[in-house]
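Read through the structure below, which is laid out as structure tokens, and then see the notes.
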Amino acid sequence: MFVFSNDWFFGTHQLGLDLYDSAGLPISGDVTNEILLLDAGTEADETFMTGPNQSGPNAGSDDPDQKARVVDSVGAVSDFISVTVTPEGDGEFTVSGANVSDQSADYWTPMAPGAFTVHQGRAPIYRLSKENKGRGLEALAEDGNPAPPADWLGQRAVVASPLAPGAYVAGPDGQIFQVGAADAGRGLEALAEDGSPGALAGTLIGTDAGSFGSAPAFPGESYQFEVTARPGNHLDFATMLVQSNDWFMAPEDGDGLSLFRNNGRPRQGNVTRHLAVYDAGTEVDEPFGFGLNQAPGRAARTPVPTRAVSSRLRTSTLDGT
């Protein structure tokens, strides 16, 4: 946020800043000329630095022009902010933003905390000449609060990941893991860190148990397995989310999926909403999809309780036969 304003903010172009050049090399150095000063179009502008509604959240009236637009009435962006990018290797970058405004000048401002995302494709934060889409930009631009846009962006963070071979069992639930409990040492660590289900499958007890898959399933590919069960059994299974240190997908809460309805008929259909992503708690997490010790894990283990990870799963079906 440009603090001495109603709803101005500094930002990259709506499509973002290219972190690699046309030759595939990481960019480095001063990128201030890529930064814009923008009006979010969510609150009416008042006299610069002195507007009575610039000191409190959601205090002003609606902007008569509710479209995001470039601000060019207070000087160059470089009069206020300097932004540099430093590549750190292995896909990591340090981005530094410094307030260089001069308090003795006609126009100067504090800076507020901000939000960021790494993305491909469409404009995720704002669109020029378009109205605010309710993605948290208003809170950032008016109040200097980055949490709403950061939350919105974080919930949509996606890394394309293969799935690894997994283990399954039909029988009493809770055999694979318990939320909030440390790994029981029955093979979940090998599945969650290395995509190796054999040890876990050998500990599972029920009417049927085993492993599925012999190689990673990449986007667009799938696994299929058959299981024998009787009324009262639950289906538990787990498969590693490969682009992680020790995350896995499984039926929510470790309780398994009921394979029969109350009338005894077999269940069928899409059951994705009953799945979740979990952290096994056996290896320290690195940035999702970028850690050097991911798939298979080789970092030092720091055991912590198993916990749920925010996820957006797509499709999974249960054949009911």
* Out of all the residues in the range 6-14, is one or more in contact with a His (Cβ under 8 Å, 6 or more places away or on another chain) and either open to solvent by 50 Å² or more (accessible area, probe 1.4 Å) or part of a loop (DSSP other than H, G, I, E, B) (or both)? -> no
* To do: Scan the range 93-106 residue by residue and report those that are in a loop (DSSP other than H, G, I, E, B), surrounded by 13 or more Cβ atoms within 10 Å (Cβ to Cβ) and in contact (Cβ under 8 Å) with a residue 24 or more places away in the chain.
  => none
* **Those residues of the range 64-77 which are within 18 Å of Phe4 (Cβ to Cβ), open to solvent by 40 Å² or more (accessible area, probe 1.4 Å), in a loop (DSSP other than H, G, I, E, B) and in contact with a strand residue (DSSP E or B) (Cβ under 8 Å, 6 or more places away or on another chain), in sequence order** => Asp72
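Only one of these is at pLDDT 95 or above and in contact with a Pro (Cβ under 6 Å, 6 or more places away or on another chain): Gly114, Gly97. Name it. Quick ask: steps written out before the conclusion?
Working: Gly97 fails: in contact with a Pro (Cβ under 6 Å, 6 or more places away or on another chain).
Every option except Gly114 fails the conditions.
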* Has the range 160-171 got any residue that is part of a loop (DSSP other than H, G, I, E, B), surrounded by 13 or more Cβ atoms within 10 Å (Cβ to Cβ) and modelled with pLDDT of 95 or more? -> no
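Look at Glu142 and say whether it is open to solvent by 60 Å² or more (accessible area, probe 1.4 Å), over 12 Å from Gln14 (Cβ atoms) and not small (Gly, Ala, Ser).
So Glu142 fails the test.
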* Out of all the residues in the range 241-274, which are closer than 15 Å to Ala164 by Cβ and open to solvent by less than 50 Å² (accessible area, probe 1.4 Å)? -> Leu241, Val242, Ser244, Asn245, Asp246, Trp247, Phe248, Met249, Ala250
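For the range 78-92: of the residues being among the charged types (D, E, K, R) and at pLDDT 90 or above, which is surrounded by the fewest Cβ atoms within 10 Å (Cβ to Cβ)?
If we filter the range 78-92 for residues that are among the charged types (D, E, K, R), which is where we start, we get 79, 88, 90, 92.
Restricting the remaining residues to those that are at pLDDT 90 or above gives 79, 88.
Numbers: Asp79: 16, Glu88: 9.
Among those residues, the one meeting the criterion is Glu88.
The values are calculated or read from the model by the stated rules, or taken from the named source; none is laboratory data. Because the structure is predicted, anything quoted here is derived from the model rather than measured. When we count neighbours, we look across all protein chains shown, and the Cβ atoms used for this are built from the backbone with ideal geometry, even at glycine. When the accessible area is computed, the model is the full protein with side chains, heavy atoms only, and any ligands, DNA or RNA have been set aside. Shrake-Rupley method; radii C 1.70, N 1.55, O 1.52, S 1.80 Å.
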